[in-house]
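Q: Pasting in a structure now, in structure tokens, and then I'll have a few things to ask.
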Amino acid sequence: MSVRKQILELFRLNRGSYLSGEDISRELGCSRTAVWKHIEGLRQEGYRFDAVTRKGYCLIEEPERIEEKAIEEALQTSFMGKNIVLLDEVESTMNEAHRLVAEGANEGTLVIAEEQTSGRGRMGKKWHSPKGKGIWMSLILKPRVPVYFVPQLTLLTAVALCRAVRRETGIDIGIKWPNDLLVRGKKVSGILLEMSGEDERLKYVIVGTGITANLTEEDIPEELTAVATSLAIEAGTPVKRETLIAAFLNELETLYQLYMENGFAPIRTMWEAMSVTLHNQVRVKTAQGVIEGRAESLDESGALVVRQLDGEKVRVYSGDVDI
Ligand code: BTN
């Protein structure tokens, strides 16, 4: 066990009591400077200590951690989230999920991390994933559909998440095409699907979801404050991350089964009802250039149908929308 962990254990064993730097250094056989550095390190990780001269330190509060048991208790699925891999710090839960598939992980396996050091978003963007406050997770799915159905799964995921957030928080949340969740025009969640296919057949898809659940104003980088918010900021109260994760999986499994049985049509109707993009003037940045016009509908494949100023209708399959 590392010295930092041993210090933490000592405080947990002596909950409510003050321990001096000298006592700790004697107990663990390290210098008082080392003890002080580790306590500062723990503070950086979100632990709160009270410090009193001549008494020492008392552990007041530990950072909140996602508890697997609390997710299980709220889960009503048959396979999604039945195997949960909870990690502390990873580069990206997407990498972990790809690795787990290679090791033979089952469909429905969910990887969750408290922190991502290289979280990634759509179109090569970075995804800010600070410790202990957000929901950073990747789900392994192995649907028997052709690879070109993946955009529909992206839209399906957005619908599931939107329903879960509305149910759990009551926040008025909407979907910006294809899969950003917005509250009062600011982003609270992003979805990234990464797949592996052979010929036209999908081997597996990783559904990556980032939710800025309990980030505070200070946790949001300055350059993002105009475009990003969190559920806690919007609701005025923290959200229980475990319940939201379970609610999302419950919704996702129901919609996934509906999709497998009835196709995309019912999902499309739900997506359209939750959309904040449709019937608005939009500016879509695509790899081929910028498309401007009125977002009219979603076609049967999941593409956005935009009527340009000259009256011509174009279908957009991937891109970034400015509403
Ligand atoms: C986007 O809006 O651009 C998509 C963001 C997706 C972020 C999530 S967080 C969990 C998973 N791991 C990652 O590295 N990215 C996704």
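Every number in this text was worked out from the coordinates using simple rules, so none of it is lab data. On a predicted model such as this, the values are computed, not experimentally measured, just so you know. When we count neighbours, we look across all protein chains shown, and the Cβ atoms used for this are built from the backbone with ideal geometry, even at glycine.
Q: With a ≥ b ≥ c the root eigenvalues of the C-alpha gyration tensor of region 5-53, is it rounded (a/c under 1.5), prolate (a/b larger than b/c) or oblate?
A: Judged from the Cα gyration tensor, region 5-53 comes out rounded (a/c under 1.5).
Q: Shifting gears a bit: Out of all Cα-Cα pairs in the chain, roughly what percent, to the nearest whole number, are more than 31 Å apart?
A: More than 31 Å apart: 39 percent of the Cα pairs in the chain.
Q: Which lysines, on any chain, are close to LYS285 with Cα under 22 Å apart, when same-chain ones fewer than 8 places away are left out?
A: Within the straight-line limit of under 22 Å, LYS285 reaches these lysines: LYS125, LYS126, LYS176, LYS186, LYS187, LYS313.
Q: Does region 281-322 come out rounded, prolate or oblate, given a ≥ b ≥ c as the square roots of the eigenvalues of its C-alpha gyration tensor, rounded meaning a/c under 1.5 and, failing that, prolate meaning a/b above b/c?
A: It comes out oblate by the Cα gyration axes.
Q: Here is a follow-up. For the chain, which DSSP H helices look membrane-span-like by this rule: Cα extent along the axis of 20 Å or more and mean Kyte-Doolittle of at least -0.5?
A: Within the chain the helices that satisfy the rule are 150-169, 241-262.
Q: So, one more: By a straight-distance test (C-alpha under 13 Å), which aspartates and glutamates pair with LYS69 as possible cross-link partners, with residues fewer than eight away in the same chain excluded?
A: GLU242
Q: If packing is taken as the mean number of other Cβ atoms within 10 Å per residue, what is the order of 22-28, 122-128, highest first?
A: 22-28, 122-128
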